[in-house]
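Report on the following structure.
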Amino acid sequence: MGKLLIVGTVAFDVIETPFAKTDKIMGGAANYIAVAAAQFGVNAAIVSIVGEDYPQPFLNLLTDRNIDISGIEIVKGGKSFFWSGKYHNDMNVRDTLETQLNVLSDFKPVVPKAYKDAKVLMLGNLHPKIQLDILKQMNKKPNLVVLDTMDYWMNNTWELLVEVISKVDVITINDQEARQLTGEYSLVKAAQKIMNMGVKYVVIKKGEHGVLLFHQDSVFFAPALPLEEVFDPTGAGDTFAGGMVGFLAKTDDYSFENIKNAVIYGSNLASFCVEKFGAERVLELSKEEIRERLFRFKELTQFEMKIA
């Protein structure tokens, strides 16, 4: 089992859906990734920043799961990153109501000494400059570096983003971002262009329509589990990434065949995430529930076929 280092936001979210609205809850990519990865019992640490206003009980939810938070800087007198969003009846559509960078605007990450040799590095959705800084702080390149990014960085920090992409093994983006990054409508062509930028594996998330994994000339498709109701999609993509890197850190196998398994494990955890607000559902999961739903994924994708 290898160490896992997670870099990303630890934040407050306020979420409104057609069903209900929250007060400030535990949010941020690093939280979702870490809570999902913790399901695999890996040695994981977070590098992030919060203000003095961030509640200790939220941090305890991480330490209770053996997640190292020594890399989370707490700024005295500072205010934590805050995001507020509203979903419509079509839960694929949301409006960002408010974003406050607060302490994140001056974030200078410091990798804990104990994790400078991490085997798996998850670079959550942040400024490419921060992601490059983390890579430079590692003793050597991890066995697997996974990058998450978004359209904002494509629009505003193109050259830095291309530099980061050239240094990672896996990129996870959604279908719209893949098209924007490459100018290709076909996701097959888009994935090939991204691999030509230096990436070994391209993971394209399609929300309720599943996930595509590309490697060289091979393609793997993992469906999303059909759910009767989606309560809150916030953090589902980060939960997927956390499940994927958690599984890979545990198995210490970074082959295409094993990344296929990792994609299914990530999709499995993401399917739980959407059932309640924030990370609440993943925080309360039992091993039995995870295992039972994995069998549902297996039944969904395996079949006997006779070819005439």
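So in the range 197-225, with the set limited to residues that are assigned to a loop (DSSP other than H, G, I, E, B) and more than 25 Å from LYS276 (Cβ to Cβ), which one is least open to solvent (accessible area, probe 1.4 Å)?
Kept after step one, since they are assigned to a loop (DSSP other than H, G, I, E, B), are these residues of the range 197-225: 197-200, 206, 210, 216-217, 223-225.
Of the ones still in play, those that are also more than 25 Å from LYS276 (Cβ to Cβ) are 197-200, 216-217.
Details: MET197: 49, GLY198: 41, VAL199: 8, LYS200: 111, GLN216: 127, ASP217: 149 Å².
Selected residue: VAL199.
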If you check every pair at least six apart or on different chains, which have Cβ atoms under 9 Å apart with a residue in the range 287-307 that is part of a helix (DSSP H, G or I) first and a residue that is open to solvent by 80 Å² or more (accessible area, probe 1.4 Å) and at pLDDT 85 or above second? THR301/PHE221
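Listed here are the residues, each with its yes/no results for (1) small (Gly, Ala, Ser); (2) closer than 21 Å to GLY27 by Cβ; (3) in contact (Cβ under 8 Å) with a residue 12 or more places away in the chain; (4) surrounded by 14 or more Cβ atoms within 10 Å (Cβ to Cβ).
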residue	(1), (2), (3), (4)
ILE69	no, yes, yes, yes
GLY78	yes, yes, yes, yes
PHE82	no, yes, yes, yes
ASN92	no, yes, yes, no
SER105	yes, yes, no, no
ALA118	yes, no, yes, yes
GLN137	no, no, yes, yes
LYS140	no, no, yes, no
ASN156	no, no, no, no
Find all pairs meeting these conditions: Cβ atoms under 8 angstrom apart; at least six residues apart or on different chains; first residue within the range 245-260 and outside any helix (DSSP H, G or I); second residue surrounded by fewer than 24 Cβ atoms within 10 Å (Cβ to Cβ) and not aliphatic (A, V, I, L, M). ASP252/GLY2; ASP252/LYS119; ASP252/ASN143; TYR254/ASN143; TYR254/ASP169
Selection status of LYS250, surrounded by fewer than 24 Cβ atoms within 10 Å (Cβ to Cβ) and over 22 Å from PHE220 (Cβ atoms): no
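For the range 195-217, which positions are among the charged types (D, E, K, R) and touching a helix residue (DSSP H, G or I) at 6+ places or on another chain (Cβ under 7 Å)?
The first filter runs over the range 195-217 and keeps only residues among the charged types (D, E, K, R), leaving 200, 205-206, 208, 217.
Correct list: LYS205, LYS206.
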Answer with yes or no whether THR182 is more than 21 Å from PHE240 (Cβ to Cβ), buried (at least 17 other Cβ atoms within 10 Å of the Cβ) and either touching a Phe, Trp or Tyr at 6+ places or on another chain (Cβ under 6 Å) or without any contact (Cβ under 8 Å) to a residue 60 or more places away in the chain (or both). yes
Taking the range 102-112 and keeping residues within 30 Å of ASN139 (Cβ to Cβ) and either touching a helix residue (DSSP H, G or I) at 6+ places or on another chain (Cβ under 6 Å) or not β-branched (Val, Ile, Thr) (or both) leaves LEU104, SER105, ASP106, PHE107, LYS108, PRO109, VAL111, PRO112
For GLU228: the one exception among (1) in a helix (DSSP H, G or I); (2) of a type outside the set (S, T, N, Q); (3) open to solvent by 70 Å² or more (accessible area, probe 1.4 Å): (1)
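The values are calculated or read from the model by the stated rules, or taken from the named source; none is laboratory data. Computed from a predicted structure; not experimentally measured. Here the Cβ is made from the backbone with ideal geometry for all residues, glycine too, and neighbour counts use every protein chain on show. Surface areas here come from the heavy atoms of the whole protein model, side chains and all, with no ligands, DNA or RNA. Shrake-Rupley method; radii C 1.70, N 1.55, O 1.52, S 1.80 Å.
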